[in-house]
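In what follows, a single structure is set out as structure tokens and then discussed.
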Amino acid sequence: MPVHLTDSLIYQNSWGTPELRGLFDDVPRTHSWLQILAVLAETQAEFGLIPPDAAQAVARTCRTVELDEAFFEEVRAGFETTNHSTLGLIRALQKRCPGNSGEWLYYGATVQDITDTWTALVLQRVRKIVGRELKGIEANLSRLAAEHRDTVMAGRTHGQIGVPITFGFKAAIWAMEVRRHRQRLVELASRLNVGQLAGGVGSLSSLGPRALELQKSFLARLGLDAPAISWTTARDTLAEWFNLLTLIASTGDKIGHEVYNLQRPEIGEVSEGFASGTVGSITMPHKRNPEISEHLGTLARVIRHNSSLIVESLVHDHERDGRSWKAEWAVLAETCLAAGKLLSLLRTLTGNLVIHADRMRANLEATGGFVLSEAVMLALAARIGKQSAHTLVYETAMSAHAAGRGLKEAILDNPQILVHLSTTEMESLFDYQRHTGQCSAMVDQVLAELRNIDESR
């Protein structure tokens, strides 16, 4: 029975997606390993390293072996007997190779040659999925930014209302962050698209005098680049991948956290799109919990934690250190699955987000005008100087707070202010839409930049 939530028949789709699970489960992973071994044998025969007939037999066996329960049980038993990562697999395949062709199986290669090359191949496919999801999320956020370019709401700092902004401004900030992740994904691709064929200590000593040519040909057949030098002990690129997933996941967590807070009934400015049949609580039937937003945070924590583990793999002893790359095995699939699920949820969240513009304005109005104290101060500063204006508005605001009055009412009763600003000027200052600064203009800049980048590709 499954012992990890990613494999649970009940809960697995909360911790990954079927699409990504189809890349990392035992059968697809082993199938990919065997394809790598088949190509290795064929390439080695081409370079005269192993007999051509044996190479054909090995390749044919690798491509046709039935990956059934009996095969995996045999491989598992072989691993547990030898405690070697791939010797159980080698022996199971050798038995199935005709004649003595199995003697040439896995020739001159080591565990990391196969597993690192597989990692490069599988991450090609993961990157396509991540890129596709990010593109959809960016489109959702761009749409929200355009639609709510001028939808006024409270800007908040330290958890408190500051001055007015627009919701489009908030969404455009998110959209640009997602665009930067898309750019990072492209920039990282060339570094991740590098395979491995290095031998025991990385010197290619077991692969003959044309080893570098063989290495290049082998990896090219798989659609990978050859490294300038073996990267058995250099795990920085893989750590970079994990940290990119951390950046992406943390953006999703930030957006989810904002929705989580703004959906609170006492704020009520946005809410997740509600799916009929969703149950928030089995004890409180009225609840509509921000389940997606909350789970974004859960998945992001898993990803950040796993990335910390991978950074430990940067430190190696000598030319190979099993502590490092075996730790990668433990969290590579889990992290990619979690990232894929997080992005799928984030795409759903941003695609169905409900904006309550009336509540946004009501929350501004509920401040009693205090949110516009900066606007009043700046208008007054033009007449008496900034420091004096700040003192005068501050004293008026504090007195109004103490008396339970609104700021506008208190200012209109203050002759020290009205001597410098007319009642008409004061009335115009208390228009929330006028005081969103350059929010709308910056939304336009973001949308234009996103369009220009897309059109230039």
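The values are calculated or read from the model by the stated rules, or taken from the named source; none is laboratory data. For clarity, every value in this text was computed on a predicted model and none was experimentally measured. Cβ placement follows ideal geometry from the backbone for every residue including glycine, while neighbour counts extend to all protein chains displayed.
Can you go through Arg434, Arg359 and tell me which one is over 30 Å from Gly256 (Cβ atoms) and either surrounded by 13 or more Cβ atoms within 10 Å (Cβ to Cβ) or of a type in the set (A, V, I, L, M) (or both)?
Just a single option satisfies the conditions, and that option is Arg434.
Only one of Leu123, Leu89, Leu134 is in a helix (DSSP H, G or I) and touching a His at 6+ places or on another chain (Cβ under 8 Å); which?
Being in a helix (DSSP H, G or I) and touching a His at 6+ places or on another chain (Cβ under 8 Å) holds for just one of Leu123, Leu89, Leu134, which is Leu134.
Return yes or no: is Arg179 on the phi < 0 side of the Ramachandran plot, part of a helix (DSSP H, G or I), surrounded by fewer than 23 Cβ atoms within 10 Å (Cβ to Cβ) and in contact (Cβ under 8 Å) with a residue 12 or more places away in the chain?
So Arg179 passes the test.
Would you be able to tell me the number of residues in the range 213-226 that are touching a Leu at 6+ places or on another chain (Cβ under 8 Å) and surrounded by 15 or more Cβ atoms within 10 Å (Cβ to Cβ)?
Result for the range 213-226: 8.
Can you confirm whether the range 375-391 contains a residue that is out of contact with any Phe, Trp or Tyr (no Cβ under 9 Å at 6 or more places or on another chain) and among the basic types (Lys, Arg)?
yes
Hey, can you tell me all the residues within the range 192-212 that are assigned to a helix (DSSP H, G or I) and surrounded by 15 or more Cβ atoms within 10 Å (Cβ to Cβ)?
Of everything in the range 192-212, those that are assigned to a helix (DSSP H, G or I) and surrounded by 15 or more Cβ atoms within 10 Å (Cβ to Cβ) turn out to be Leu192, Ala211.
From the residues in the range 227-251 that are under 14 Å from Arg304 (Cα atoms) and among the small types (Gly, Ala, Ser), which one is surrounded by the most Cβ atoms within 10 Å (Cβ to Cβ)?
Ala249
Look at Glu328 and say whether it is farther than 13 Å from Asn243 by Cα and either surrounded by 14 or more Cβ atoms within 10 Å (Cβ to Cβ) or over 15 Å from the mean Cα position of the chain (by Cα) (or both).
Criteria met by Glu328.
So in the range 13-40, with the set limited to residues that are touching a Lys or Arg at 6+ places or on another chain (Cβ under 7 Å) and under 17 Å from Ala330 (Cα atoms), which one is modelled with the lowest pLDDT?
Looking at the filtered set, the residue picked out is Trp15.
Looking only at residues in the range 371-405 that are in contact (Cβ under 8 Å) with a residue 60 or more places away in the chain and touching a helix residue (DSSP H, G or I) at 6+ places or on another chain (Cβ under 7 Å), which one is nearest to Leu134 (Cα to Cα)? So that I can check it myself, show each step before the final result.
Initially, the range 371-405 is screened for residues in contact (Cβ under 8 Å) with a residue 60 or more places away in the chain, giving 371-372, 374-375.
From the residues that got through so far, the ones that are touching a helix residue (DSSP H, G or I) at 6+ places or on another chain (Cβ under 7 Å) too are 371-372, 375.
Working: Val371: 35, Leu372: 37, Ala375: 38 Å.
For the range 371-405, the residue satisfying everything is Val371.
Just wondering, is there one or more residues in the range 113-131 that are over 23 Å from the mean Cα position of the chain (by Cα), hydrophobic (A, V, I, L, M, F, W, C) and crowded, with 21+ Cβ neighbours inside 10 Å?
Yes; the residues of the range 113-131 include at least one that is over 23 Å from the mean Cα position of the chain (by Cα), hydrophobic (A, V, I, L, M, F, W, C) and crowded, with 21+ Cβ neighbours inside 10 Å.
Here is a yes/no grid of residues against (1) assigned by TED's automatic domain parsing to the domain that holds Gln160; (2) surrounded by fewer than 19 Cβ atoms within 10 Å (Cβ to Cβ); (3) of a type in the set (A, V, I, L, M):
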residue: Asn352; (1), (2), (3): yes, yes, no
residue: Val376; (1), (2), (3): no, no, yes
residue: Lys386; (1), (2), (3): no, yes, no
residue: Ala400; (1), (2), (3): no, no, yes
residue: Leu407; (1), (2), (3): no, no, yes
residue: Asn414; (1), (2), (3): no, yes, no
residue: His420; (1), (2), (3): no, yes, no
residue: Arg451; (1), (2), (3): no, yes, no
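I want to confirm something. Restricting to the range 344-370 and keeping residues that are part of a loop (DSSP other than H, G, I, E, B) and touching a residue at least 24 places away in the same chain (Cβ under 8 Å), which single residue is nearest to Ala154 (Cα to Cα)?
It comes out as Thr367.
So, of the residues in the range 55-86 that are part of a loop (DSSP other than H, G, I, E, B) and within 22 Å of Thr110 (Cβ to Cβ), which turns out to be modelled with the highest pLDDT?
Val65
Quick one: Pro164 ticks every box in (1) modelled with pLDDT of 95 or more; (2) buried (at least 23 other Cβ atoms within 10 Å of the Cβ) except a single one, so which number is it?
Just one mismatch for Pro164, condition (1).
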